[in-house]
Structures are given as structure tokens and as C-alpha cells.
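The values are calculated or read from the model by the stated rules, or taken from the named source; none is laboratory data. It should be emphasised that the depicted structure is a prediction, and the values quoted were computed from it without experimental measurement. Note that we place each Cβ from the backbone using ideal geometry, even for glycine, and neighbour counts take in every protein chain shown.
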Amino acid sequence: MLEVPAAYAMSFFPTKRTKNTLLWMLSTKMLPSVGVLVPIYILGRETGLLDTRIGLIIIYTLINLPIVVWMIYSFFKEVPKEILEADRMDGATTYQEVAYVLLPLALPGIASTALLSIILSWNEAFWSLNLTTFDAAPLPAFIASFSSPQGLFWAKLSAASTMAIAPILIFGWISQKQLVRGLTFGAVK
């Protein structure tokens, strides 16, 4: 939920630099991961987060944050400002405004953004292969272990890959209605 305060501030209290900030955030996704591997590795080693689940959670959160903020920002821009102004006139605090009015209105968009973030994190192999060895190795590192000097173990590789995509496929199928609703939120006026 780090993206909600950022998207809220940029959507409803824009400054001259809001667009530039959004473009800068999006441009960080265009930076090749290998370009920041050494500094991230050194930071992980110095903080003791190398080869830990917490370290991977922090990395996955930070690499997906620009896309997530951008998407939530666009969903918040579709919410009529008059609804929030009426809520403020009734004496609601900022927290009540966000929690009881804004989030329920943008729930389909938030659900689709959460699903996209989960899929992006689930498919991330670069960071898990480079920042983990044994203790916190997720599925991509496990699947990569089927490659050996003797060759690929195709049966094991296929079975592991199928099991790796099954949870996200089932989750996407179950949340399909919310996903479609969220992606088309505000498309037709």
C-alpha cells in the first residue's frame, strides 16, 4: 500500500512537477536491471538482507512501485473530485476520505494493479537468481537448478514450470472479473 499515498497526492494535489515525477518514475523501469545489480548487491550485503526473503520482498516492491503508482494514479484521476469535496464538507479527515470513499471507488483498479504487481513479481527471475543462493531462493532459482553440465532435465523442468505458473493462473482466473473491470475503469464516459 505504498502506492496509495503517492498516487493520492499526485492525483488530487498536483504540483508543477507532478508529470515530471511520474515520467521519472516510469523511466526507472527502463533502466536495465544489470546496471544496478552491483550497488543493490553491496547494499544487501552491508544490511544483511542478501539471501533473505525480506530482501527479495523489498527489491520486488521497489522495482514494481513505479508501474503501480502510475496505474493507481490513473485510476484516482478518474474519480470525480466533487465526491471528495463533498466528503470534506461533511468533516471527514484525509484518512477517512481515502479509506471510506476513494479506495472503495477505485477498488477494481486497485485489484487489477495488485494482480499485475503479483504477476510481475512472480515472473521476476533476475533478482532472485542474483541475490539468493539457498536460504531465500524462490521458484525461478529452483527451476534454474534443473540446468546442469550434463544438460537440461526436461521432464523436471516442465513439471516445475507448470507448477510455478499454476497458482498465478488460478488466481488470475478467479479474479478475472475484477481485472477486466479494473482495466476498463473510466474507459467510457
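Considering region 92-151, the residues that are in contact with a Pro (Cβ under 8 Å, 6 or more places away or on another chain) and of a type in the set (Ser, Thr, Tyr) include one that is nearest to Gly172 (Cα to Cα), namely Ser128. The lone criterion from (1) charged (D, E, K, R); (2) under 22 Å from Glu3 (Cβ atoms); (3) not in a helix (DSSP H, G or I) left unmet by Asp87 is number (3).
Given the condition touching a strand residue (DSSP E or B) at 6+ places or on another chain (Cβ under 9 Å), assigned to a helix (DSSP H, G or I) and surrounded by 13 or more Cβ atoms within 10 Å (Cβ to Cβ), answer yes or no: does some residue in region 136-148 qualify? No. Only one of the numbered conditions (1) of a type outside the set (D, E, K, R); (2) at pLDDT 85 or above; (3) crowded, with 16+ Cβ neighbours inside 10 Å; (4) farther than 29 Å from Arg45 by Cα is not met by Ser117, and that is (4).
State whether the residues of region 46-69 include one that is in a helix (DSSP H, G or I), on the phi < 0 side of the Ramachandran plot, crowded, with 18+ Cβ neighbours inside 10 Å and touching a Pro at 6+ places or on another chain (Cβ under 9 Å). Yes, region 46-69 contains at least one residue that is in a helix (DSSP H, G or I), on the phi < 0 side of the Ramachandran plot, crowded, with 18+ Cβ neighbours inside 10 Å and touching a Pro at 6+ places or on another chain (Cβ under 9 Å). Of the residues making up region 1-55, not one is among the charged types (D, E, K, R) and in contact with a Gly (Cβ under 7 Å, 6 or more places away or on another chain).
One residue stands out in region 165-189 among those that are modelled with pLDDT under 85 and small (Gly, Ala, Ser): the one that is surrounded by the most Cβ atoms within 10 Å (Cβ to Cβ), namely Gly182.
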